[in-house]
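Below is one structure, written out as structure tokens; comments come after it.
The values are calculated or read from the model by the stated rules, or taken from the named source; none is laboratory data. This one's a predicted model, so the numbers in the text were calculated from it and none came from an experiment. We place every Cβ from the backbone using ideal geometry, glycine too, and count neighbours over all the protein chains shown. Note: areas computed on protein heavy atoms with side chains; ligands, DNA, RNA excluded. Shrake-Rupley method; radii C 1.70, N 1.55, O 1.52, S 1.80 Å.
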Amino acid sequence: MVELGYALSSEEHPPDDLVDDALRAEDVGFEHALVSDHYHPWVSEQGHSPFVWSVLGAIARETDSIRVGTGVTCPIKRIHPAVVAQAAATTADLFDGRFFFGVGTGENLNEHVVGGRWPPFDVRLSMLAEAVDVIRELWRGDEVTHRGEHYTVENARLFTTPDDPPPIYVAAAGERSATAAGDVGDGLVSTAPDEDVLDAYDGDGPTYGQVTVCWAETEAEARETAFDVWPNGAIEGELSAELPTVEHFEQAAGMVTEADVAASMTCGPDADDHVEAIQTYADAGFDHVYVHQVGHDQAGFFEFYESEVLPSFD
């Protein structure tokens, strides 16, 4: 059986709404949620990008049972892994066993903001592996001095740590990152039902797949919303990792059509279409699927999923 979760899209919603949506997701029966950790939205129409660790603290106090993780944090450039380790340890303590830590190699859009060169993928993958090592070592609560290829840590000790360290799930869009997820992570996160990615993941941890949808009362309304708010979903290739500014993404989005965006996600009010989209991930081998509803109408989405979609997976 696949476990269903909910995507908290930081790019589309202010902090208070994200907290409210996490609580509603728990109430309607979603069992986990992943919240994005970005500095910028992809396009201006999305309109938001709050600091994820503040949002997570509020969600921890407002919810009771839903498991929540980052989807995902890049711990290699914008924030030093020693600082990320402290943020995640404090968050895990607040969630009392309900927090998991998703990590990835990041996007130039969010990570270049502190200056410095944006490394190629193989270097970022090496940085991620070392960052995960540093984070795990600090989570033990001992004093850490680390002088590695990419990072230096001197006399650092975390005094607030959870009783059990949270699992680390590694984001993978291709086979090399999926292999890394098996090597350094406790599970895998992906955004496409790609069987090759799952085949390359040589681990025994959970696999999380994000499915993007746009529910609305009519298909035409859903397609229009998806095109306005999430045109980046139809941008293919490596641009998402390499483009440095919102303006660049808007230029790239100008080359896709409404039909392109609609083809990249399920749009409309047909429950069978939504069930089929989720089932595609389950058939590929994912044991956890979390749903990203594009646009501001989260209330209608929750009502629809509670009555029409979630019962299909009980």
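Consider only pairs whose beta carbons are under 9 Å apart and that are at least six residues apart or on different chains; among these, list those whose first residue lies in the stretch 42-53 and is closer than 20 Å to G254 by Cα and whose second residue is surrounded by fewer than 19 Cβ atoms within 10 Å (Cβ to Cβ) and of a type in the set (F, W, Y).
So the pair list comes out empty.
Filter the stretch 44-84 down to the residues that are among the polar types (S, T, N, Q) and out of contact with any Leu (no Cβ under 8 Å at 6 or more places or on another chain), then identify the one that is nearest to W139 (Cα to Cα). So that I can check it myself, show each step before the final result.
At the first step, the residues of the stretch 44-84 found to be among the polar types (S, T, N, Q) are 44, 46, 49, 54, 63, 65, 70, 73.
Subset that is out of contact with any Leu (no Cβ under 8 Å at 6 or more places or on another chain): 44, 46, 49, 54, 65, 73.
Numbers: S44: 37, Q46: 35, S49: 27, S54: 20, S65: 23, T73: 17 Å.
So the residue we want is T73.
Which one of E143, E154, E137, E149 is in contact with a Lys or Arg (Cβ under 7 Å, 6 or more places away or on another chain), more than 29 Å from G5 (Cα to Cα) and open to solvent by 40 Å² or more (accessible area, probe 1.4 Å)?
It is E143.
Does the stretch 122-133 contain at least one residue that is farther than 26 Å from P244 by Cα and out of contact with any helix residue (DSSP H, G or I) (no Cβ under 6 Å at 6 or more places or on another chain)?
The answer is yes; a qualifying residue exists.
If we keep just the residues of the stretch 281-314 that are open to solvent by 20 Å² or more (accessible area, probe 1.4 Å) and part of a loop (DSSP other than H, G, I, E, B), which is farthest from G29 (Cα to Cα)?
Top of the filtered list is G285.
Every residue in the stretch 88-123 that is open to solvent by 10 Å² or more (accessible area, probe 1.4 Å), assigned to a helix (DSSP H, G or I) and over 17 Å from A33 (Cβ atoms), please.
T90, D93, N108, H112, V113, V114, F121, D122, V123
Quick check on the stretch 1-23: of everything there that is over 15 Å from H292 (Cβ atoms) and in contact (Cβ under 8 Å) with a residue 60 or more places away in the chain, which residue is nearest to the chain's Cα centre (by Cα)?
Looking at the filtered set, the residue picked out is E3.
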